[in-house]
Amino acid sequence: MTSTVTERAGSAATPGSGSRRLTERVFRIRESGIIAVFLVFVGVTTAIHPEFLNQQNLQFLLVNTVVYALLALGETMVVISRNVDLSIGSVLGLSAYVSAGLFKPHPGIPIPVVFLVGLGIGLACGMANGLMVALGRVPSLVVTLATLYIIRGIDILIVGGNEVTAQTLPNSFANIPRANVLGVPYLAIAVAVVIGAGAYYLRSFRSGRELYAIGSNPEAARLAGIPTGRRIFTAFTVSGAIAGVAGVLWAAQYQTVDSTAGTGYELTVISAVVVGGVAIFGGSGSAVGAAVGALLLSSITSALNVLGISQLWLEAISGFLLLLAITLDRIISLRLQAALRRRSAGVGT
Amino acid sequence: MERDLTARLSAAARASLRWEAGLGLLVIAIIIFGAVTSPQFLTSVNFFNTGVSSGEIAIMALPMTLIIISGEIDLSVASILGMSSALLGYLWARHWPMLAIFVMVALLGIVAGLINGLLVTRVGLPSLAVTIGTLALYRGVALILLGPNTISNFPAGYTNIGINPLPGTQIPYNVAIFVVLAVIFGIVLHFTATGRSIYAMGASPEAALFAGIRVKRVKTMLYVISGLVCALAGVLWTFRLATAVQNNGLGLELDVVAIVLLGGVSIFGGKGTLAGVVLAVIAFAALQNALLLTNFNQEATGIVIGALLLVSVFAPNAAALLHGLPRWARGRPRRAAPSP
Amino acid sequence: MRRTVRRALWAPVVLLSASALVAACSSSGGSSSASGSSSSGSSSSGALKKGLKVYVIPKNLGNPYFTLADSVKTGGALAALGTLGETGTETSGTAATPASQIPAIQAAITKGANALIVSATDPSALCPTLKSAMAKGITVVTYDSDAPSCRDIFINQASSQAIGESEVDLLAKEIHDSGEIGIVSAAASATNQNTWIGYMKQELKKYPKMKLVSTVYGNDDPTTATQVTQGLLQHYPNLKGIISPTTVGILAAAQVLDTSKYKGKVALTGLGTPVAMKKYVEDGTVQSFELWNPANLGYLAAYAAVNFASKKITGASGQTLSAGKLGSFTIGADHTILLGPPLVFTKSNINNYNSWGF
């Protein structure tokens, strides 16, 4: 039993692998399901209002989604392991202000250094979260709720009544979201690559797969020899680091940063992740699905605005969609459980 | 199996007792801090102000306590408050009689809670995800109802609850309502079979089911009650601020959860007491008030709340933490597993 | 055994609540100790009182606009209070909501404030609290955002009519009096914005070839403001101009225009702070926009509050208020003092305002 969990993907036909291939197939179905929904949605909207899919709007959409998709990647890793990270919005805000704020006192500062500063801030916050959750064995909901308050409080203290203003940022920094190739922003491509790498890691590396095991059954994972504490620590650290980098990108995108940057992002990201097929109790879901979930939520906002539908309906529609997504997931997982039960009944031991 | 359940519950009760004692000391410490740093802290006017500002959050914390003890969560509480405030304004602007409006708002709260409850118990969805969805859905309904409008022409008889206390005392109306509800909820939770079953289903859902407890029915009831209580909070909020606008109560849900957690209620369910939450409400409100009176930098209040929250989870675990540290650092499980 | 343990738990709670109730019910006769009106009817032509406790309560702390209006460094409200020899303190909540602002107002009253200078988060929600302050003899001055009929004096930064009309006029000049225009506002329920938009619509009647096609709401959140601006541009491909009477909105709209194919094709104007908008003016995305001087607004509010508290003015129409370095002001109708006409910022003068930042 333990060997199936710790081997790389595609191992020999051991008793459990039939079920594993089934779950893989369901993964892919859920992933392709959300992609299908996304494509249908875009198709319908474009049919009604062709401007939706023109190059300009596509650029708008992709750049808007970049920050959310990145955050969704980090959150996915945490949620898969049956945890949650509520502090990402505060980390983003702190990172955005501190890193972009470097340009004014140090006008010649190289941009990679600014990114490193943002990464560092995120890393520190993520490690703090990870230590408390893994070492202290305390519920991540409570810990990250607390760090949400604390980090936002630190941000407000540091920012005071100031803001980072656009004219302190060098053009090379401000152009990061704008640079594109054939109309597709470089940033979107870079983030897609990162998400692809993340998805590959989760699916094909032992430590990645162990996150799924921890999320499915923490006790069993521990008994099976998985260093759960270390894995959870890593998941939170990565989530924090990603939020830090996302903060720098946020600053490049909006160019004016005050103490409210990133407020409320955590619930949006969790919604995106859940809509994208990641189970809130852990154990299943993919980074690609989560990124598509973020893209879908962005597109819905964009579509409603482009179609001229009253903004007043946006909130209600988002909430309704989230409920729909988790209901669908529930139905799928019930079917899957039934199928697995039928299979293992036939396999024995 | 029943004995295990009983054993687990009495261990939980003992742990809670330790926690309340700590909380009680914290409240006393805060009161002393407030009294020492500001001569106005212990005045009746200040008590009134503090009560008025935190009354609705306190009221919403009561059903949240029961829900979290039962093993679930409800993040839609602030949106139900906002939605009922919006309905109140919407109907008042259309000249409905106030009594009829109260009935409609109560119905709305019940329906909202019912939706939450059914999705969690009958469809089997995780409550965290469901209530994040209904948080957006209900806030959206509030937006649709009121749009950009603000209704503020409520009769003074109602809006005076924000400035006038109960006649003959200095207690604000919403604090009085809180006290009454706290007693009711406390009796139900600690002295009835239903209350014991709530603990049971939080501690061990399967055992509770086998022990004959109707888990689904009780949980659905809890959500319905939460919806009704939050609708009441919405009415109080609207009258106190003399304003119905779509963003009433925006963002309060995390504060309510923070208070309940501070009160010693475990997020995993099965543990915690109502007395603890009452103490946490007092601590939260008193601390914010004391900080306001001392010219403390208001921007740092969040840090204090967050720190308190961390203490609330780490203190009980402190002993276990020190004990378990060496094992974790080595990365080995409790029982040695055979090498692959 | 468990039952007795549980019953014992109630004892401390009961004790605590009982003591609280005792404290509450013991009628200490009423309000806070030092409500500080040491005024016993000094005549109106005396010197200004010194040592007054004045609390400046903006919509929220950590807001760059209010930092400009209130701080000592920019010559705002606290600077004026210092010059006059009063004790000035800035306080508020961090969320710009009534629920966040009211406790700060109440605490100020409890601490013995003689005067409150408030920018109201909501025109009616603060009224019960402000009215009870006024009943205690505390001077209540609102600035930037009014709570009508619940204050002694309101300092208006610029007449709503002047703002509405000048915004439209500025845009009309840029788009040559013709074309479709849109408005990117703040929250749908924001009173100031809605008032200004009302005057804008009236002024638009003077320009028959200009048409307001849509008003979208950015909720003073950069992400939302960005998305609604993008939607506006995509939904109305012939849009010629945008007005955004909110500092967050105009920044987001400028950013959207600056990074898209609409730069130079769609004109943008509105209310913005010069330091934040500098880049967009210099690179041509925005030709002109306007505001008032927030520091002067706070400064004037402070002088009004101290003069009222010293009983030198009663707020009646026609009275004169002498406001230090700003000169003399005449009080208008409804106890309102107007700061002056809006300031227009363009490329030629934007560098004069570099000190409006940190």
key: Selection count where residues are away from chain B (no Cβ under 13 Å) and part of a helix (DSSP H, G or I), scope segment A:172-212   = 26
ask   = How many of the residues in segment A:297-321 are at pLDDT 85 or above, over 25 Å from C:ASN238 (Cα atoms) and within 22 Å of the chain's Cα centre (by Cα)?
value = 4
request  = Return the only residue of B:ILE57, B:ILE73, B:ILE68, B:ILE31 being touching a helix residue (DSSP H, G or I) at 6+ places or on another chain (Cβ under 9 Å) and either farther than 22 Å from B:LEU189 by Cα or without any contact (Cβ under 8 Å) to a residue 40 or more places away in the chain (or both).
outcome  = B:ILE31
request  = Considering only residues that are in a loop (DSSP other than H, G, I, E, B) and touching a residue at least 24 places away in the same chain (Cβ under 8 Å), look in segment C:207-222 and name the one that is surrounded by the fewest Cβ atoms within 10 Å (Cβ to Cβ).
outcome  = C:LYS209
query = Quick one: in segment C:233-242, which of the residues that are facing another protein chain (nearest Cβ under 7 Å) and part of a helix (DSSP H, G or I) is surrounded by the most Cβ atoms within 10 Å (Cβ to Cβ)?
reply = C:GLN234
Members of segment C:122-143 found to be more than 7 Å from chain B (Cβ to nearest Cβ) and modelled with pLDDT under 90, listed by number = C:PRO123
Residue within segment C:275-286 that is in a helix (DSSP H, G or I) and basic (Lys, Arg) present = yes
message = Could you tell me how many of the residues in segment A:275-304 are of a type in the set (A, V, I, L, M, F, W, C) and within 16 Å of A:SER239 (Cβ to Cβ)?
response = 6
inquiry  = For segment B:287-301, check the following and say yes or no: at least one residue is within 11 Å of chain A (Cβ to nearest Cβ), within 17 Å of B:LEU25 (Cα to Cα) and not small (Gly, Ala, Ser).
reply    = no
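For (1) surrounded by fewer than 23 Cβ atoms within 10 Å (Cβ to Cβ); (2) in contact (Cβ under 8 Å) with a residue 12 or more places away in the chain; (3) touching a Leu at 6+ places or on another chain (Cβ under 7 Å), each residue gets a yes or a no:
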site: B:LEU209; (1), (2), (3): yes, no, no
site: B:CYS230; (1), (2), (3): no, yes, yes
site: B:GLY251; (1), (2), (3): yes, yes, no
site: B:GLY263; (1), (2), (3): no, yes, yes
site: B:LYS271; (1), (2), (3): no, yes, no
site: B:GLY276; (1), (2), (3): no, yes, yes
site: B:LEU279; (1), (2), (3): no, yes, yes
key: Unique match (being in a loop (DSSP other than H, G, I, E, B), modelled with pLDDT of 90 or more and over 30 Å from B:ALA78 (Cβ atoms)) among C:ALA113, C:ALA69, C:ALA80, C:ALA47   = C:ALA113
query = Does segment A:74-84 include one or more residues that are within 26 Å of A:ASP258 (Cα to Cα) and assigned to a helix (DSSP H, G or I)?
reply = yes
key: Close pairs (6 angstrom Cβ cut-off, 6 or more residues apart or separate chains): within 12 Å of C:LYS278 (Cβ to Cβ) and part of a loop (DSSP other than H, G, I, E, B) in segment C:332-354, aliphatic (A, V, I, L, M) and at pLDDT 90 or above anywhere   = C:LYS347/C:VAL281
key: Qualifying residue in segment A:172-195 (condition: without any contact (Cβ under 8 Å) to a residue 24 or more places away in the chain and surrounded by 20 or more Cβ atoms within 10 Å (Cβ to Cβ))   = no
inquiry  = With surrounded by fewer than 18 Cβ atoms within 10 Å (Cβ to Cβ), closer than 18 Å to B:ILE115 by Cα and of a type outside the set (Asp, Glu) as the only criterion, which of A:ILE309, A:ILE317, A:ILE326, A:ILE332 stands out?
reply    = A:ILE317
inquiry  = Of the residues A:LEU157, A:LEU123, A:LEU145, only one is within 20 Å of A:GLY93 (Cβ to Cβ) and surrounded by 23 or more Cβ atoms within 10 Å (Cβ to Cβ); which?
reply    = A:LEU145
ask   = If you go through segment B:64-106, how many residues are part of a helix (DSSP H, G or I), surrounded by fewer than 24 Cβ atoms within 10 Å (Cβ to Cβ) and under 22 Å from the mean Cα position of the chain (by Cα)?
value = 2
key: Test: residue in segment B:117-134 that is at the interface with another protein chain (Cβ under 7 Å from one of its Cβ atoms), within 30 Å of C:LYS131 (Cα to Cα) and either in contact with a Pro (Cβ under 8 Å, 6 or more places away or on another chain) or in a helix (DSSP H, G or I) (or both)   = no
request  = Give the residue that is nearest to the other protein chains (Cβ to nearest Cβ), with candidates limited to residues of segment A:151-171 that are touching a Leu at 6+ places or on another chain (Cβ under 8 Å) and of a type in the set (Val, Ile, Thr).
outcome  = A:ILE156
remark   = All conditions in (1) within 23 Å of C:ALA120 (Cα to Cα); (2) away from chain B (no Cβ under 11 Å) are true of C:MET210 except (1)
request  = For C:GLN193, state whether it is part of a helix (DSSP H, G or I), within 10 Å of another protein chain (Cβ to nearest Cβ) and farther than 27 Å from A:GLN56 by Cα.
outcome  = yes
remark   = Scanning segment B:34-54 for residues that are without any contact (Cβ under 8 Å) to a residue 24 or more places away in the chain and not in a helix (DSSP H, G or I) gives B:PRO39, B:LEU42, B:THR43
note = Selection from segment C:243-262 of residues outside any helix (DSSP H, G or I) and either in contact (Cβ under 8 Å) with a residue 40 or more places away in the chain or not assigned by TED's automatic domain parsing to the domain that holds C:VAL168 (or both) yields C:ILE243, C:SER244, C:PRO245, C:THR246
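To keep it simple, each residue is scored yes or no on (1) more than 14 Å from chain C (Cβ to nearest Cβ); (2) out of contact with any strand residue (DSSP E or B) (no Cβ under 8 Å at 6 or more places or on another chain); (3) outside any helix (DSSP H, G or I).
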residue: A:PHE281; (1), (2), (3): yes, yes, yes
residue: A:VAL288; (1), (2), (3): yes, yes, no
residue: A:ALA294; (1), (2), (3): no, yes, no
residue: A:GLY319; (1), (2), (3): yes, yes, no
inquiry  = Which condition from (1) within 17 Å of C:GLY179 (Cβ to Cβ); (2) touching a Ser or Thr at 6+ places or on another chain (Cβ under 8 Å) is the one that C:LYS265 breaks?
reply    = (2)
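The values are calculated or read from the model by the stated rules, or taken from the named source; none is laboratory data. Predicted model, so just to flag it, every value in this text is computed and none were measured. Neighbour counts run over all protein chains shown; Cβ positions are idealised from the backbone, glycine included.
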